[in-house]
Structure formats: structure tokens, C-alpha cells
1. Counting other Cβ atoms within 10 Å, which GluC sites (Glu not before Pro) in region 240-276 have at most 13 and lie in a DSSP loop?
2. Hey, in the GNM for the chain with a 10 angstrom Cα cutoff, which one of Leu148, Leu315, Leu54 fluctuates hardest?
3. Taking springs between alpha-carbon atoms closer than 10 angstrom, which of Ser258, Ser215, Ser96 fluctuates most in the Gaussian network model of the chain?
4. What trypsin sites (Lys or Arg not before Pro) in region 253-295 are in a loop by DSSP, with at most 11 other Cβ atoms within 10 Å of the Cβ?
5. Could you give the dipole magnitude of the chain about its Cα centre, charging the beta-carbon of Lys and Arg +1 and that of Asp and Glu -1, in debye to the nearest 20?
6. Pull out a ≥ b ≥ c, the square roots of the eigenvalues of the alpha-carbon gyration tensor of region 250-335, then state rounded if a/c is under 1.5, prolate if not and a/b is larger than b/c, and oblate in the remaining case.
7. Do any trypsin sites (Lys or Arg not before Pro) in region 156-208 lie in a DSSP loop with no more than 12 other beta carbon atoms within 10 Å, and if so, which?
8. Could you please state, rounded to a whole Å, how far the C-alpha centre of region 313-328 is from the C-alpha centre of region 28-98?
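Coordinate-derived values only; no laboratory data. All values reported here derive from a predicted model rather than from experimental measurement. For neighbour counting, all protein chains shown are included, and Cβ atoms are generated from backbone atoms with ideal geometry for every residue, glycine included.
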Amino acid sequence: MARFASVVAAAAFGAMAMGSVAYAQESMNDPARDAYYQTFKDKKVVFVPVFMGLDLTEGWSKMMAKQAAALGYKYEVRNSNFNTAAGAQTLTSLISEKPNVIVVQNPDVQSYARLLQQAEKAGIHVIQLNMKTNTLTYGFVGADVVQLGELQAKAVTAKCGAGTSGKVLILAGPPTSPFSAYMLKGYENILKPNKNIKVVSVQSTGDYESAKAKSITQVVLQQNPDLCGILGIWDNTDVGTAAAIKEAGKSDQVFVSSSGGGGELSCKGIREGLWQHYVSYDVPGQARDLNDLISAALQDKNPVGSTKTIHYTPLVEYTKANIDKQSCWTLDTIR
């Protein structure tokens, strides 16, 4: 009993000692935290999209607005409504206003290039989003569109190889769009060496117009009733492409590959057979990468233009076999 009492007493003493150590532990503020949040005070970020009202632009903007609210800086959208001249005027005004960061979605490779250089000379960090000019600014966040085109082309060549007509239609965006130009390069890298593939037509859908994609597809199907595959530029556009195929009764014959931000329409398209292959550049993930670069720009103390960062966001392929594993985000679920 005496030995048992000694053990209990020792255990109690140890517990009391540990309790005293725990009680003595003091809290400590993160020494970098206050300065971090102070960095963002009174700063401003402006988004200049090609067009609002799309799942892509609305998704990016929602995430940028959420970060601005969380960190305490101002966020604003200046919509150019598919009007390049209006977008150029907006950028000219912003150079005078001098926000800390401009996030811009370029309509083509040339129109904004000089203005973006002027903005950086004025001390404004410029981040190009998903569609870049030939001029590299502080940062670019977006898809590696050449790789995107290669993934689409590989899927179509796998379907339209030996034993098929090998005939493929390419539906591009505006001729001067960086997205179109780089995607066509990706297609070329895969299709050109493949002797089984015959590209019957390469046509622009204008400003990614669904109705135009539909009319082009209708004409090409009449001229080539044995068409095997279509490489589409974007899911919103390819709704028209799919409608033309369905009306022609060739849904089981023509293999369609499309691309986009991986939202609700992308998954609906796979499930309903609008397209059989899809490459997503994942808007929610892309927006997080964009916000990280915005945060870095707002904290950057180096001279504007002294650093250049490219961040190609990961691409994800959707097919009927894996579609149930995809996020299929909506504006209500994105966060």
C-alpha cells in the first residue's frame, strides 16, 4: 500500500507540473500579420474583361471580389462588352487613375500591347488573364493554350484514325485572338504529322458565336457527310456545333472536343452528348492562382516591370468515363 501511494503521489505531482508548464505558456502575435494586412489598405485592383456575363468572367470576378473583401483593398470591374476600342479607352483612363493592379483579358495579341507597356511604365502592375498579348507584363495566369490544343487534337486523332474518313473540322475564335492562334498551333503540332487526318475546313466563329458555329457546321456536314471529328474553341460556342450535328442525325458519328472553364455546362455537355471530350482550365483553381499573383503584386516593393511571372494553370480532361469525378462548378458553388 505504501508503494502504491508513492506511485499515485508521483503521478499527481507530474500532472501538476505539466499543468503548470501549460499554464505558463504565453500567447504570441504573428510578427508579420499586422504588416501584411496593412499592405493592402487603400490599394485598388481593376479588372478589364472582354465581356462580363459569361461563366468564365463572372467566376474569376467573384473570386477576385472575395479576396478584396477579405484583405481590405478596393476591387472594380470595367466591362468592355466585346468592344476593343472601348477597352482601349478604359485602359487609357486607368493609366491616368493609377490603380495598383490592372487585370486584363486581351481580345487579341496587339490591340492592348502598347497600353499595357504604358501602364507598367506608370507604375501599375499588369496581370494578363487567360488571353495574353505578345508583350509579357508583371504576370500572366491562364491555360497553356498550345497544350490545350494538343490535348484536344490527340483525342480527335484517336477517334478519327485509320478505318474512318479522318475528316476533321476546326472551329476557331476571332482570327486575331491569342486563344485561337495558340490553340491552332497546338492542333497543328498533332494533326500535321498524322497522315490519317484530313482537315476539311478551318473557320472562325467570330466573337465565339454559337449561331455561327452552328451554321458553319451545317454547311460542312452537307459538304462532308462522312465528317468524323470537330475541334471546338469553347463550350458556349459549341452548343451551336452540337445542335447542328444533332439536327443532321449524326450524333453517333461526329466526335466533338471542346474546352472551357469546367463549369456546369462542361459536364452537361458530356452527359448529354454535346461533346465527347472536353479540356477544362478549371476557373476556380485558376482564380486562386490569379488571386495569389494579385496579392504578390500588391506586396511587391520592386520596381514595376522588373519581374515577369507566367503561371500556366493545370488542364483537366473530361470524358464520359470520368465526368462524375469532376466539380462542374456554378457561380453559387464557387468559393
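1. Values: sites: Glu247, Glu264, Glu272; in loops: Glu272.
For GluC sites (Glu not before Pro) across region 240-276 that sit outside H, G, I, E and B with at most 13 neighbouring Cβ atoms in 10 Å, the list reads Glu272.
2. Leu54
3. Taking springs between Cα atoms under 10 Å, the residue moving most is Ser96.
4. Numbers: sites: Lys268, Arg271, Arg288; in loops: none.
Passing both the DSSP loop test and the Cβ count: no residue.
5. Values: 32 positive and 29 negative charges, 74 e Å.
Dipole magnitude for the chain comes out near 360 debye.
6. In terms of gyration-tensor shape, prolate.
7. On the way: sites: Lys159, Lys167, Lys185, Lys195, Lys198; in loops: Lys195.
Filter output for region 156-208: Lys195.
8. A separation of 29 Å, based on Cα centres.
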